[in-house]
Amino acid sequence: MIAEHLPVLEVMGPLAAAPLCALLRRPLLAWGVAVAAAIFALGGSLILLAQVLSGGVISYHLGDWAPPWGIEFRLDAANSFVLVIVSLVGAVCTIYGRESIAKEIAHEDQPLFYTMLLLCFAGMLGVVSTGDAFNLFVFLEICSLSSYVLVAMGAARDKRALTAAFTYLLPGTIGAAFYVIGLGFIYALTGTLNMADMAVRIAGIGDSSTLRVGFAFIIIGFGLKLAIFPLHQWLPNAYTYAPSMVSAFLAGTATKVAVYASLRFLYTIFIPGFHFEAQTLQYLFLPLGLAAIFIASIVAIFQTNIKRLLAWSSIAQAGYFLAGVSFANISGLMATILHLFNHAIMKSGLFLAVGCVIYRTGSCSITAFRGLGHTMPWTMAAFVIGALSMIGVPATVGFVSKWYLVLAALERGWWPVAFAIVAGSLLALFYFGRVIEAAYLQPSPEGGTVTEAPFSMLAPLWVLTISCLALGIDSELTVSIARTAAEALFLDPHAGLPERIGP
């Protein structure tokens with residue numbers, strides 16, 4: 001019975017656990033419920049991925065109403081893999097959060113924090129699972145509204161978190177409005193909200209001005225959520241002033257969900273054969289992606305706040321996503337999906353390491369990192385491994401991602417783009433090098449003795465760190481899943497879709 005309803009239970013588990021955390025009113029119990037819900041979601045996502053890889057697409061009809069009239073949860077290799085990404089990061093960050101949140105958020109507010117965390121988590125899982133375009137908007141708003149609250153709760157440590165949450169809210173709301181407006185145009189054209197049925201009807205319509213306008217609004221809406229350059233202004237402050245665990249959680253999930261939603265529309269609903277889309281990919285996405293890689297990396301070099309440095313690094317990484325999507329071939333799409341997973345574990349691990357430093361020193365400035373290579377060896381070792389992976393050093397997951405991105409560029413014959421990807425990776429050496437130098441080559445500040453972070457924070461951190469190495473040394477599993485996911489999106493997107501129903 002549970003296995004039969006697992007697609008919906010994957011979302012409903014965290015969603016139902018959220019109000020329970022608020023009712024418990026005890027931080028430890030609320031944390032326990034959140035951990036149980038996150039682990040349940042992780043286990044469910046792994047089972048669903050295995051089922052999809054072995055048996056094909058899973059279609060779950062809510063209320064036993066068949067699509068396109070009813071709401072459908074539709075899982076293929078692409079979104080089931082993203083489910084694993086979101087649930088893995090969510091589970092690791094939730095386990096990590098007990099000590100960190102206890103220190104950064106007032107005791108009486110902690111149950112509310114875990115409530116908001118689970119709502120955000122459930123919303124992301126819903127965005128990834130749903131096969132209904134309007135249902136996607138509903139889940140997108142659930143995770144967005146709760147994420148604004150999560151960022152604002154950083155005000156207990158720094159009042160600037162309130163401003164950061166407001167500047168996050170404005171573009172987030174505009175992005176959601178753009179998506180709904182675009183969806184309205186598409187609905188007026190097709191008369192359906194089911195994504196699979198929508199794809200069939202759009203394929204029969206061909207090009208039209210209504211379709212172009214709807215496409216433009218939807219892509220701009222997702223662009224704001226993804227923080228693509230130059231729609232990125234909300235991200236640095238949101239990641240900098242949010243609680244440490246929230247920064248790690250959002251960095252590993254929020255932009256990944258937005259990338260997935262963009263891929264779903266670009267490759268299965270509109271498809272690259274749509275001429276307006278092909279022009280958008282080549283003449284808009286590619287230049288903006290390359291600009292993000294270089295401009296954001298250069299800005300990161302001059303940051304003294306490590307969380308802000310990592311935030312600008314995330315904007316640069318969004319440039320790699322755009323570049324991979326713009327190649328419009330299976331290799332580029334595979335590299336993009338692979339980088340979704342690899343970047344999630346790299347960047348979340350780096351933010352968790354910074355959270356350990358904040359836990360012991362109360363600061364995330366580059367000065368606070370002086371001498372930590374000796375006083376917090378496990379934390380800094382994890383940070384260094386994550387940094388090397390972001391740079392793209394061999395035997396790390398970052399190298400695997402960028403290797404396949406370069407191969408995809410060469411497959412298109414775009415040598416300058418391949419060179420730009422390599423050059424952008426080298427820029428990461430400069431801003432991470434400054435932090436590593438401070439930790440290992442500069443003396444500790446006078447006064448006070450810094451000790452290693454608690455084991456309950458180090459253990460989740462090292463789960464991600466070991467994953468960076470293990471999946472970098474042997475990447476066959478993730479590469480094969482990413483290729484299967486890319487083929488599910490790119491090759492014959494209308495295969496196996498339901499027949500057109502209704503007028």
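Tally the residues that are of a type outside the set (D, E, K, R) and surrounded by fewer than 19 Cβ atoms within 10 Å (Cβ to Cβ), restricting the search to segment 421-441.
9
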key: Single unsatisfied condition, residue 303 versus (1) part of a helix (DSSP H, G or I); (2) touching a residue at least 24 places away in the same chain (Cβ under 8 Å); (3) farther than 23 Å from residue 124 by Cβ   = (1)
request  = Given the conditions (1) surrounded by 17 or more Cβ atoms within 10 Å (Cβ to Cβ); (2) hydroxyl-bearing (Ser, Thr, Tyr); (3) more than 24 Å from the chain's Cα centre (by Cα), report the number of the one that residue 239 does not fulfil.
outcome  = (3)
request  = State all residues of segment 216-240 that are among the aromatic types (Phe, Trp, Tyr) and in contact with a Ser or Thr (Cβ under 8 Å, 6 or more places away or on another chain); if no residue qualifies, say none.
outcome  = 222, 234, 239
task = Check segment 432-448 and report whether any residue there is farther than 23 Å from residue 92 by Cα, in contact with a helix residue (DSSP H, G or I) (Cβ under 6 Å, 6 or more places away or on another chain) and of a type in the set (Phe, Trp, Tyr).
result = yes
key: Among (1) of a type outside the set (A, V, I, L, M, F, W, C); (2) within 26 Å of residue 227 (Cα to Cα); (3) over 20 Å from the mean Cα position of the chain (by Cα), the one test that residue 126 misses   = (3)
task = Among what's in segment 46-66 and is touching a residue at least 60 places away in the same chain (Cβ under 8 Å) and in a helix (DSSP H, G or I), pick the residue that is nearest to the chain's Cα centre (by Cα).
result = 49
inquiry  = Could you list, ordered by first residue, the pairs with Cβ atoms under 7 Å in which the first is in segment 76-90 and closer than 15 Å to residue 489 by Cβ and the second is outside any helix (DSSP H, G or I), at least 6 apart or interchain?
reply    = 76/57
key: Count of residues meeting criterion [of a type outside the set (Gly, Ala, Ser), modelled with pLDDT under 90 and surrounded by 21 or more Cβ atoms within 10 Å (Cβ to Cβ)] in segment 479-489   = 1
key: Criterion: touching a strand residue (DSSP E or B) at 6+ places or on another chain (Cβ under 8 Å), of a type outside the set (S, T, N, Q), within 23 Å of residue 233 (Cα to Cα) and modelled with pLDDT of 90 or more - qualifying residue of 306, 298, 315   = 306
task = Exactly one condition in (1) over 20 Å from residue 241 (Cβ atoms); (2) surrounded by fewer than 24 Cβ atoms within 10 Å (Cβ to Cβ) is not met by residue 285; state its number.
result = (2)
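The values are calculated or read from the model by the stated rules, or taken from the named source; none is laboratory data. These numbers were taken from a predicted model, which means no experiment stands behind them. FYI the Cβ positions are ideal-geometry reconstructions off the backbone, even for glycines, and counts take in every protein chain you see.
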